[in-house]
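Structure record follows, encoded as structure tokens.
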Amino acid sequence: MSGILLLLAGLFLPLFPLSMVFNGLFGRMQNRTLRIALLLIWPQIGVALVVASGMDVPGWMLVWALLTAIFYGFRALVLREVSLWVSFIATSVWAVMWLVMDSQGAGWYELAKYALGFSLPLILLLLLSGELEQRFGAAYTGLYNGLAQPLPRLSWLIVMVVLAVIATPLFPAFSAVMAAMLNVAPDSFMMALMLSIAWFMWGWAGARLIQGLLIGKETGAIATQADISSGKAWIYAVVLVVMVLSGIYMIGGLA
Amino acid sequence: MSLSLGEKLKIRSMIYVAAEPVPFFWPMRTFIHHNPLHGLEHLPFAEAAEKGSKIFHGRSFLPRTMYQEYLSCGKADRKKLESIVAEFADSQPEIGGVDLKRWLMTLLTEMDEHVITSDVLVDTGDIHAALSGSALAPKPDDLSEILATQLRSQLLKDRPIYESVDALYGCKIGDDLDELVVKSCLDFYDEGQSVWAMPKREVGFFKAWSNVARRNVRLFLRGIRVGEIIEEDDSPEGVITHVLKTLGIPEQHWTSYFTRELARLHGWAGFIRWRESAKNYHYTKLYPGDLVDFMAVRMTLALALLQERGHYHAAYTNSAIESLIGSQTKEIYLRHEFHGRHVMPAMAHKVDVALASGKQDLMEDTFNEYVQAKRLNVANAQVEKLRALAQKAGDAGALDQLSVEQIFSLLEALHAFEKQEGMCWLRSMEEQAMEHLIEGVTLGPPVQRKKRPFAQALFCIDVRSERVRRHLEGVGDYQTYGIAGFFGVPVSFMELGKGSESHLAPVIVTPKNVVLEVTTDGVSEDTAALTALEHAMHELKESVVSPFVTVEAIGLLFGLDMIGKTIAPKSYNTWRKRFHEDKPSTLLLLDKLTREQADSVVRTVQRAVIIKAVEQELEFKPEQITDDMIRGLRECAMENPQETGDLLRELNISEERFNTLVKRLQDGYRINPSFADRQMEQLGRIGFSLDEQANFVAGALSSIGLTKGFSRFILIMGHGSCSDNNPYESALDCGACGGNHGLVSARVIAQMANKPEVRKRVREMGVDISDDAWFVPGLHNTTTDELKLHDLDTMPPSHLFYLDRLNTGLVSASHLAAQERLPTLQKSVPENATRAFLETQRNSMDWSQVRPEWGLSRNCYFIIGRRELTQQFNLDGRSFLNSYDYRVDPKRRLLESIITGPLVVGQWINMEHYFSAVDNENFGSGSKAYHNVAGRFGVMTGNLSDLRTGLPSQTVLHEGKPYHEPVRLITLIEAPFEHAQRAVEAVVSVKHLVRNGWIRLMVIDPEVGKIFIFEDGQWRSRPANVVETLEESA
């Protein structure tokens, strides 16, 4: 029974090819609220299933998870549609949760926190992609570069949120990655290396996303678009600050 | 493949013609303001603006919203706008119930964006259907053919093939190619910035580059095989032909193909084009390289890149693309939409997936869906804009009443009007500016002075002189004049301690006479300690290895220097200057040498060289070398018959060694007859004959109408700027002096005019310089507005009593001008004029200051006439002021000379500012903050880009909006109408500039009291402000 629960968890903390279920579902759902709900709940179900199974995660599953993380990170490099990018990166980062769960004595609350730390910036990015769709008809990199100067607030938020997604220090996702690293590094150099590669892939994909939207010469249509309102920007900023504070809190918990 | 001479010449001439629209780019050491569309000046302005926009992918007019701002703050004339709109509307057919005049005015003044959105997929019927809310008609049966025709015009003909491949496959070959070409140019054209130079540059650009490219491992690793292409032909022309034939470019498109290639890197192309024309440029002589070489390098790399990417995308020739358009129109259309960034964002992902799948049925479905969606989207967007326009024009319901034909007429009219909209705004702004000038100028009879002024000052015509002239006139009994800053004397100047000549004249003039600067303190071979240390530091910094090993040892020194420059730039720089050696006192060698004097100079030089040679070659001590020895050796080296017996004994060497020494003197030390002849020739260029000096002095003074009533002091004020860490410093210097400081020119003419024998001749020419008049050169520092006099040590003692009063006047004028100007540069301005002046001084020394001064920004007018015309009018530093009195110029020669030189230079300056302001990214050079010096002659954005031409954003923009208000140069000539008209007609180049609308010309006729304005090919007149008498100033 426990083994089945663990395998079932592979759907929710997606492991390739089970990950196709999440990505298929996410791709078909056009409603943004449902997508947000999916991002929020999906990994939490996975965490709950693993905790419920009460089993230690076998080593081969960790390797499987890392391969999934690398594979989806690599795929995200060439994606231009932002919501798809979110979906693939979500698959990649959630796969890393398997390594966090290997942590001895980590309870449900602890794990749920880390999963939330991965999900929250993805949700913010999804919301920001809505802002882009509203202005340009689609959130798609490389179609309209150079947002940085004409839309500085939106650009700033995109940069910060992408940094949060790719587990930059101080953000909660960083704590999760560090927890995973501390779990695997003492026993397996190879797994630590694989985790580093996955992490590198996220960074690379994030840089490409930023480059495809914010950098370069602005095209004609951009200049006429209004920036995100300062009220909205403040709300995003507050959420980001809360994330940073919780990230710091979570790092403290590592000691 | 080997081309005949005729074929080679054909390629050369094609490239020559193709390069004509590309403007010259002069090295930035002597920045020359130029019109970026100079090559199109033979066309009317509107036509050239349109063509220039296409060639350089730039914008020739400001966005509509900016003009709307100008209109709302009174900088554009609404009446003029209305009259242009009325004229246009009257030429259009009636369109139902549409009041076209009102619609067009609404379009101009209330709509932010262009109203017309054309697309080949949508016709008037579709728009009519969208207006009435009915479904669009099914897509036409011949849609594929329509699209294929459009694709052919967009992708083939003269478009570089790699651009078409990029537009179809998104492989960015164009960007890679530009990067490789820029790197190649940087390697070859470097003027001492790189430590490791490209080898064998003396063989020319293409050959030197080929030698390196054949062995370039980086190119090899990237799969770029240039070797095979270079092997095709030795000559650049042959390689170009080979590439064009391989790519299948039809020969009739070659010239325009070259133009498009050159326009992609027009900064580099402009620099190479200028360099090619400057035959005497040191680096041209050393390392020859022309546009044919440039094109051959570019073509070779383009073909190699296309072949490399061809592994993935087979279509990289004209015929292959042509065939794809014919056979796979739908796929090619989708590709062009997606990679050319025309795709509807909402369908971008779908199109991407279809193209990536390569499945024809998916592609077909996506195409059908896409075309339908796009038609609907474009039609709806068009209707939305039309409805917004109709509503704002107060005719909300009018659109629904229109038939298909009427909608067609309306769209045609709107489209035609939007195409010429920029000119409407421009003319309306110019009308306002002309009106402002006409209201300000005052016409009256010449002022009769009771006594001569305390001092007269000649300033450059530069717009920055206007403020300081106004203040100088205000603080005392000063009379000022405007004259081109080289004061009419073209000089090739050789500065003390420098081995090269600088041309101090407008770039269109080539000086014949050389002026040498000689020290009065004797030659010192010692270098100040700090200067030597700086040289050493610089060498260490530039070297390849030393920075790694010395950074920890001496990095701190640089750090301290940096802190000093940043925290307290003024105090630190003043303190630091104390360690530098002061420039010694100098005089200018102005007089022509006689043949005997020149011969004596050559002998003296030869003598000094022979002494050094004997010391070096024979290891003699100086005291061992006698005059006879030197004379004997010189005669032998100069191949004069000479008895050598005594000489051999004196030198104590064998005959064989003696012959070797003589040979060495001839070849190594260049003591030989042919070199001596060349030296004599060079010496013949030094100085001016007495007649020349008198002519220049009389010419300069007559041209500004100063022929009598000379005061005790005649100040000749050259100008220059002073700023730190600013590659554009030379752009702020005197354009009339070829982008150099104007002090030398001022010293030259002052020195000439102070000579009694010159004055005597000048008097015979009708210019009566009083005996006690003294010409004093000076420099107007335009960054600080400081006026500093020079060569005071040569002033007669009788004048020294008045020097204090003179200095007080100059200081007051400086401070007041700085106080007036400072608010344009910074928000916090001290109330005290002296403190304002100190602030400007700080700006000039601050290395982080990106805008030490505004330079010639906001230039607008060029006034040729007496100072009295505008003396009571604050021109706000916006006008070139060239003094001129037609009464002393009955034959119009002086006027012709003013419009040939200063006016043309003014027009270049004006156009450079115009285009840099309307499109700073393409015609200007973008932000200075990202600039890096390239090869010591230009700047690039970031570490690699085209050479940035034009002006930086900090010179023409303020907070992202134009500080320089872009209008064409409004020129006002004070003279009888016929007098001025005939002068303009006599100078062909200026006549064309006026007729083609590059200059807006007005003539103020004092004899009939009217102003004549040239517009749309004809003259119109209106009364001028006339007063009975003009007040005598101060």
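What follows is calculated from the coordinates using simple rules that are stated; it is not laboratory data. All of these numbers come straight from a predicted model, not from anything done at the bench. FYI the Cβ positions are ideal-geometry reconstructions off the backbone, even for glycines, and counts take in every protein chain you see.
Exposure proxy shown here: for B:802, B:70, B:333, the number of other Cβ atoms within 10 Å sets the order, fewest to most, as B:802, B:70, B:333.
The loop-placed trypsin sites (Lys or Arg not before Pro) in segment B:464-518, going by DSSP, that have at most 12 neighbouring Cβ atoms within 10 Å of their Cβ come out as B:498, B:512.
The Rg/Rh ratio of segment B:723-876, with Rg taken over Cα atoms and Rh as the Kirkwood radius over Cα pairs, comes to 1.01. Restricting the chymotrypsin sites (Phe, Trp or Tyr not before Pro) of segment B:575-621 to loop positions (DSSP other than H, G, I, E, B) with no more than 12 neighbouring Cβ atoms within 10 Å leaves B:579. If you take all other residues with their beta carbon under 12 Å from the beta carbon of residue B:995, and give Lys and Arg +1 and Asp and Glu -1, the sum is -2. Computed over the Cα atoms of segment B:874-1000, what is the convex hull's projected area averaged over all directions, in nm²? In nm², the orientation-averaged hull projection of segment B:874-1000 is 9.9. Against the empirical 2.2 N^0.38 Å (N residues), segment B:593-684 has a Cα radius of gyration ratio of 1.07.
Percent of Cα pairs in chain B per distance bin of 10 Å, from zero to the largest separation: 2, 9, 15, 19, 19, 16, 11, 6, 2, 1, 0, 0. Most simply put, the protein assembly as shown has about 45% antiparallel DSSP beta bridges, counting only bridges with both residues inside it. Quick check of the Kirkwood formula: for chain A, what is the inverse mean of 1/r over all pairs of different Cα atoms, in Å? It works out to 18.3 Å. Using a 10 angstrom Cβ neighbour count of at most 10 plus a DSSP loop assignment to flag exposed GluC sites (Glu not before Pro), which longest range of chain B is free of such sites? In short, B:95-524.
Across the alpha-carbon atoms of segment B:222-327, the computed radius of gyration and Dmax are 15.7, 55 angstrom. Using a/c under 1.5 as the rounded threshold, could you call segment B:406-528 rounded, prolate or oblate? The axes a ≥ b ≥ c are square roots of the C-alpha gyration tensor eigenvalues, and prolate needs a/b larger than b/c, oblate otherwise. Oblate, because a/c is 1.5 or more while a/b does not exceed b/c. On the principal axes of its alpha-carbon atoms, segment A:156-255 has extents of 56, 27, 10 Å, going from largest to smallest.
Spatially, segment B:804-862 and segment B:639-676 are offset by 62 Å when compared through their Cα centroids.
Reported to the nearest whole Å, the Cα centre-to-centre distance from segment A:170-248 to segment B:277-296 is 50. This ranking places B:122, A:86 by how few other beta-carbon atoms lie within 10 Å of each, fewest first, which gives B:122, A:86. Size estimate for segment A:48-176 follows the Kirkwood approach: the inverse of mean 1/r over distinct Cα pairs works out to 15.9 Å.
Fully extending the segment from residue B:831 to residue B:113 would add 254.1 nm, taking 0.36 nm per residue of separation and subtracting the current Cα-Cα distance.
Centre-to-centre, using Cα atoms only, segment B:718-764 and segment B:563-602 are separated by 16 Å. In terms of surrounding Cβ atoms within a 10 Å radius of their Cβ, B:771, B:178 rank from fewest to most as B:771, B:178.
The mean sequence separation of alpha-carbon pairs under 8 Å and at least six residues apart, normalised by the residue count of chain B, gives a relative contact order of 16 percent.
Across segment B:942-1008, counting alpha-carbon atoms alone, Rg and Dmax equal 18.2, 60 Å. Computed over segment B:267-381, the range of Cα coordinates on each principal axis works out to 64, 36, 22 Å, biggest value leading. Peptide A:132-139 has a mean shielding of 3, counted as Cβ atoms of other protein chains within 10 Å of each residue's Cβ. Ellipsoid fit via the Cα gyration tensor, the protein assembly as shown: semi-axes of 63, 43, 33 Å, each the root of five times an eigenvalue, largest first. Treating each Cα of segment A:21-117 as one equal point scatterer and applying the Debye formula with no solvent, the log10 of I(q)/I(0) at q = 0.10, 0.11, 0.12, 0.22 Å⁻¹ comes out as -0.28, -0.34, -0.40, -1.17. Scanning the protein assembly as shown for cysteines with no neighbouring cysteine C-beta under 4.7 angstrom from their C-beta gives B:73, B:171, B:185, B:424, B:460, B:636, B:722, B:860. Applying 0.36 nm per residue to the separation of residue B:449 and residue B:357 and subtracting their alpha-carbon distance, the gain on full extension is 24.2 nm.
Here the contact order of segment B:881-1014, divided by its residue count and restricted to Cα pairs under 8 Å and six or more residues apart, works out to 24 percent. Here segment B:36-98 is treated as a Stokes sphere of Kirkwood radius computed over C-alpha pairs; at 25 °C and 0.890 mPa s its diffusion coefficient rounds to 171 µm²/s.
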